[in-house]
Amino acid sequence: MEAQVKPTQRVLLGITGGIAAYKSAELVRLLVKSGREVTVAMTAAAREFVGPATFQALSGRPVYSDLWDTRPDNGMAHIELTRNNDVMLIAPASADFLARLVHGRSDDLLSTTVLARTIPLIVAPAMNLQMWQNPATQRNVATLKADGVHIVGPGNGDQACGEIGDGRMLEPAEIMAALDAWAQPKTLLGKRVLITAGPTQEAIDPVRVITNHSSGKMGYALAQACAEAGAEVVLVSGPTHLSTPFAGASPGEPGGVRRISVISAAQMLAAVEAEVDESDVFIAVAAVADYRPVSSAEQKIKKSDAGLNIHLEPTVDILARIAKHARRSNDPRRNGTPPFCVGFAAESENVEQYGAEKRARKGIPLLIANHAQSAFGADENEVTLIDERGAEGEMRMPKMGKVVLARAITREISARLNPKV
Ligand code: CTP
């Protein structure tokens, strides 16, 4: 199977006048390195900050700035640039340029190209904190969003003017990530996905816990991938050090992740049960403790020379329970049935056979069997997808980064939810 979508877009990169233009050189390098073809168009103000020769050398292509450029065959650079590219990215976009976009100005090459374009437009604003916060700029950003322009950033941090706050252009690597996210097919639009991630901690006493080495990376990568695919994601997470992907997506925009932080298996179960009725998909990635102390001591247990026995009892298997749960939803498409359930299993041997047995035992349509040695804490993972077709439907995915893998798994889930996708 094709596990990885290779970006083959031709990117038209517009650069406007702002000190962040120096970062655009690195952005061109990263875009080219990712296999994209980059053509740069600069405003006159941008040329005051960085010379076109830099961008020509990095992109390996001519740089455009002049509306009257006669190089294109038809003498119409603004038309040729939009016809020959798949996406237009403006980074940095100055406050002035945002205002000009809102008004549909066409008095230089870049603004005319925006107006004449038939391709999607992504804009990375960069400006001083006060300029960004000014109601005029905020109005302009809202108008551009309503016009279908995709805004990435700005970021928060040190600014060239010496202030600290919102307004700096996202780092080139962050813009690349935003571009990748934007390019993912929106196969889960209108769907709500519930995910568990990370370890749980079961208290022995107020300072000691039973836990495991789960990092949460695979569950968080799936939350990111499902959000990129347009789903509304609820991430029920045990203790991790990871930051929530797309936590800041505005309500109503596809792709937001709402995180509910829990500690114990019992809390994870309660959070999942509270959310499941309005969820279409449940993905259990968490390494839930299988046992917990029957009771947790109220005070710290004192050390003694005698041994210590801790009596453990099994926890509820959240996945198996949800797989049998008849949802009580306002939406008749959900009502009376369980959500589409996906489980994970860590197997160190006989991966396919044990995985198939576990899928049947849990009563779930799709199980993702981790090849155990590759999973915990790592940035890469190697898995086999197992569904009700048994050996015939087995899909072994080569070792790959967890985010790329999560996108491939998300596509498989989408295809099973809606066979026409
Ligand atoms: N799971 C769960 N609740 C539990 C235990 C597990 O939801 N109390 C879910 C996990 O999130 C995962 C799958 O069930 O999706 C793992 O199943 P499990 O039976 O625990 O298998 P392994 O972790 O692979 O361990 P073992 O083979 O020892 O049973």
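The values are calculated or read from the model by the stated rules, or taken from the named source; none is laboratory data. The shown structure was predicted, so the numbers you read here are calculated from the model rather than taken from an experiment. Note: ideal-geometry Cβ built from the backbone for every residue, glycine included; neighbour counts use all protein chains shown. Please note that ligands, DNA and RNA were not included when accessible areas were found on the heavy atoms of the full protein model with its side chains. Shrake-Rupley method; radii C 1.70, N 1.55, O 1.52, S 1.80 Å.
Charges were assigned to the Cβ only: +1 to each Lys and Arg, -1 to each Asp and Glu. The resulting dipole of the chain about its Cα centre is roughly 440 debye. Along the axis of the charge dipole computed for the range 192-416 (Cβ charges of +1 for Lys and Arg, -1 for Asp and Glu, origin at the Cα centre), the listed residues Ser237, Ala346, Ala323 are led at the positive end by Ser237. Amide H contacts under 5 Å for Ile204: Val209, Ile210, restricted to partners 5 or more places along the chain or on a different chain, H placed in the peptide plane at 1.01 Å from N.
Dipole magnitude for the range 192-416: about 260 debye, using +1 per Lys or Arg Cβ and -1 per Asp or Glu Cβ, origin at the Cα centre.
Within the listed set Gly148, Gly401, Gly18, the residue fluctuating most in the Gaussian network model of the chain (springs between alpha-carbon atoms under 10 angstrom) is Gly148. What's the center-to-center distance, using Cα atoms, between the range 33-83 and the range 138-160 in Å? Value for the Cα centre distance between the two parts: 24 Å.
The C-alpha atoms of the chain define a longest principal axis, and helix 265-275 lies at about 60 degrees to it.
Listed by chain and number, the lysines whose C-alpha is less than 23 Å from the C-alpha of Lys217, apart from same-chain residues fewer than 8 away, are Lys6, Lys186, Lys191, Lys358, Lys399, Lys402.
Largest first, the residues Val276, Val209 sort by 1.4 Å accessible area into Val209, Val276. The ellipsoid that matches the Cα gyration tensor of the chain has semi-axes, each √(5λ) in whole angstrom, of 47, 24, 20, with the longest given first. Axis of helix 135-146 versus longest Cα principal axis of the chain: the two differ by about 70°, to the nearest ten degrees. Taking packing as the residue-averaged number of other Cβ atoms within 10 angstrom, the listed peptides 79-85, 306-312 run from highest to lowest as 79-85, 306-312. Pairs of C-alpha atoms in the range 10-183 farther apart than 22 Å represent 38 percent of all such pairs. In the elastic network of the chain, a GNM with C-alpha springs shorter than 10 Å, the most mobile of Gly363, Gly393, Gly256 is Gly393. The range 176-221 and the range 317-381 have Cα centres spaced 15 Å apart.
Residue-wise, which Karplus ³J(HN,Hα) couplings in Hz belong to the range 93-110, taking 6.51 cos²θ - 1.76 cosθ + 1.60, θ = phi - 60°, and x for glycine or proline? Using θ = phi - 60°, the values come out as 10, 6, 4, 4, 5, 4, 4, 5, 4, 4, 8, x, 5, 8, 10, 8, 4, 5 Hz. Taking θ as phi - 60° and the Karplus parameters 6.51, -1.76 and 1.60, the scalar couplings of the range 333-340 work out to 5, 9, 4, x, 10, x, x, 5 Hz in sequence order, x denoting glycine and proline. Expressed as a whole percent, the accessible area of the chain that falls on carbon and sulfur atoms is 51 (1.4 Å probe). The phi-based Karplus calculation (6.51 cos²θ - 1.76 cosθ + 1.60; θ = phi - 60°) puts the 3J(HN,Hα) values of the range 21-26 at 4, 5, 6, 5, 5, 5 Hz, whole numbers, x for Gly and Pro. Close amide H partners of Ala346, meaning residues 5 or more places away or on another chain with modelled amide H under 5 Å apart, are Asn370.
Surface exposure of the range 10-183, expressed per residue as accessible area with a 1.4 Å probe, stands at 44 Å².
A P(r) calculated from all alpha carbon pairs of the range 192-416, with 5 Å bins opening at zero, reads 1, 7, 14, 18, 20, 16, 11, 7, 4, 2, 1, 0, 0 percent. Taking amide H positions as modeled 1.01 Å from N, with prolines and chain starts lacking one, the residues under 5 Å from Leu312 and 5 or more places away or on another chain are Val294.
Each DSSP beta bridge with both residues in the chain is either parallel or antiparallel, and the antiparallel ones are about 30%. Once all protein chains are placed together, Leu67 keeps about 40 Å² accessible to a 1.4 angstrom probe. Of Arg100, Arg389, the order by accessible heavy-atom surface (1.4 Å probe, DNA, RNA and ligands excluded), from most exposed downward, is Arg389, Arg100. Relative to the dominant Cα principal axis of the chain, helix 351-362 is inclined by about 70°.
With protein chains left intact and a 1.4 Å probe, residues in the range 192-416 average 48 Å² of accessible area per residue. Note on the chain: GNM, Cα springs under 10 Å; of Leu319, Leu170, Leu129, the largest mean-square fluctuation is that of Leu129.
Per-residue ellipticity at 222 nm computed for the chain from its helices equals -9500 deg cm²/dmol, with DSSP H segments shorter than 4 residues left out and the rest contributing -39,500 (n - 2.57).
Think of the range 90-230 as having a plus end and a minus end, set by charges on the Cβ of Lys, Arg, Asp and Glu; of Ile164, Thr118, Ala221, Thr118 sits farthest toward the positive end of this dipole.
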